[in-house]
1. Sort Phe159, Phe205 so the one with the fewest other Cβ atoms within 10 Å of its own Cβ comes first.
2. Let me check I've understood the local charge: for Ile253, count other residues with C-beta under 10 angstrom from its C-beta, Lys and Arg +1, Asp and Glu -1. What total comes out?
3. Relative contact order, percent, of the chain when contacts are C-alpha pairs under 8 Å separated by at least 6 residues?
4. In nm, to one decimal, how far is the Ala246 label point from the Asp312 one, both placed 7 Å along Cα→Cβ?
5. Please give, to one decimal in nm, the separation of the simple spin-label points placed at Ala239 and Glu282, each 7 Å out from Cα toward the Cβ.
6. Once you have the Cα-Cα distance between Ser270 and Val332, take 0.36 nm times their residue separation minus that, and quote the gain in nm to one decimal.
7. Which parts of the range 234-262 would a label at Asp183 reach, counting a residue when its backbone N lies under 16 Å from a point 7 Å out along Cα-to-Cβ?
8. Order these peptides, 145-156, 323-334, by their mean beta-carbon neighbour count within 10 angstrom, highest first.
Amino acid sequence: MQPRNLAVLAVLAVTLPLAACASAPAAKVSASAAAVTLAVGEASPTEVAETADARVGDVVETDADGRAELVYADGSLARLGPATSLRLEEVSGAEDQRTVMSLDVGRTWHRVVELVAEDAAYEVRTPVGTAAVTGTEFSVECTDEPVCRIVVFDGSVLFTTEDGEELPLEPFSQLTVPGPDGDDPVVLPYLADAVEGDDWLAENFPSAEAATVPAASASFAGEWTALFEGVGSTDPVRAADIAGSALEREWTIAPPVCDPACVSAVESSSGANLQLIHGASELRISGTGREVCVDSLTGEVRDPDGFDYAFDYTLEGIEVGDDGVVTSVTGVRTETFTLRADADAACLEGGVETPVATDTYNVTLTR
C-alpha cells in the first residue's frame, strides 16, 4: 500500500458525553487480560468479561495487567496495553469510515484499513496533539506529564501539535512530544531491532512484518570489523604518521534502546565502550577523556598537566542487504587533543606539538 498524506485540523476538543443508543454505530470491545472496564456515557465503569459494545462517549480502561482490543465497523482496530484509558469521540459505520478517539494515558496499537470513503478519518487525539492516518500500523503512548510518543511501522501518520505544527511520520519513524528537556519535537528513525526490547510493541509487531524497513532503521546489531584509515592531522608532527595509516578493531553492536532516540551500545576490541546514536540521517558516536602530559625531553609524566581528548564519528554511508540487515557503513572519525592550561610546549602526547591538534580518519564498518 502506498502511503498518502491526510491534512487535518489541530482539534483537541473533547466531545461531551452522550447517552448510549443501541442503534448507534459501535466498536466491539474484547478483553484479553484482566481487568478491562467500560464506562457507558456518565454511568459507572463495569468490567468487560469477554466482549461488549462501545459507542461515542464511552471510555475503555485497562488496569496494570489489562489488555483490550476495539474492532471498528470497517475492520480497523485499536489495542490497549496496561494502565490505558481510551475515550471514543466519533464512531461510524463501515461505509463512512470515521473513527476518532482520545488517549489520555497509556499505550495503544492501531491497525487501520485503507480509508477510501469521502471525509473518512482515523484520529487519535492526545493531550499534546492529534495523530491522523489513511491506512497504517502505528502505536501511541502517553504519560501523565503529559508526554506522548508515536511510532509508525507501516503507511504514514500526520501528527498535528497543539500549536498547529504538522509533522509527517513514515514507516519506522518515531516522534516524542514535547521533545527531551522540552525541546521542539523531531521525527527520528525507529530501529527495527528495538522492537525486541519493548514487550508491548513485540506483542503487536508481527502484523507489520511485511512493511519495508528504510536504511536508517534497518538492523545494525551484530559483529563488525571497523577499519580506520588515516587522512591527516592539523599537527605537523602527527600529519605524516596519520596520513596513510590503518588500524582495525572488532566491534559488537547491541540491539538499540529507543527512549526516545535510539542508542546502541558498542563494545570495541580496544576495550572501549561506545554509544552509537541513530539520528534522522546519520549515526553519531562521541566521547571525551583526559590524557596525561609526557615531557618530550625527560620522559617525565606530568599529571594533571596534559590534554583534554575528544572524538566524534559521523557515519552516513549505510548499505542494506535484501534481508533488511545493514551490511556496511562508512563515515569519518575526528580526534582532537587540546593542551590544558599551564602546560608548556614540552608537554606532548604522541608527538603533538601544537596547543590543539585534530586528527582525521576515514571509517568503514563491515560485517
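1. Details: Phe159 28, Phe205 18.
Taking fewest neighbouring Cβ atoms as first place, the list is Phe205, Phe159.
2. -3
3. 10
4. Each label point lies 7 Å from its Cα, and together they span 2.8 nm.
5. It works out to 2.4 nm between the two label points.
6. Values: separation 62, 0.36 × 62 = 22.32 nm, distance 1.85 nm.
20.5 nm is the gain from fully extending Ser270 to Val332.
7. 258-262
8. The packing order, highest mean first, is 145-156, 323-334.
Here, each number is a calculation from the coordinates, and none is a lab measurement. All of these numbers come straight from a predicted model, not from anything done at the bench. Cβ: placed from backbone, ideal geometry, glycine included. Neighbour counts: every protein chain shown.
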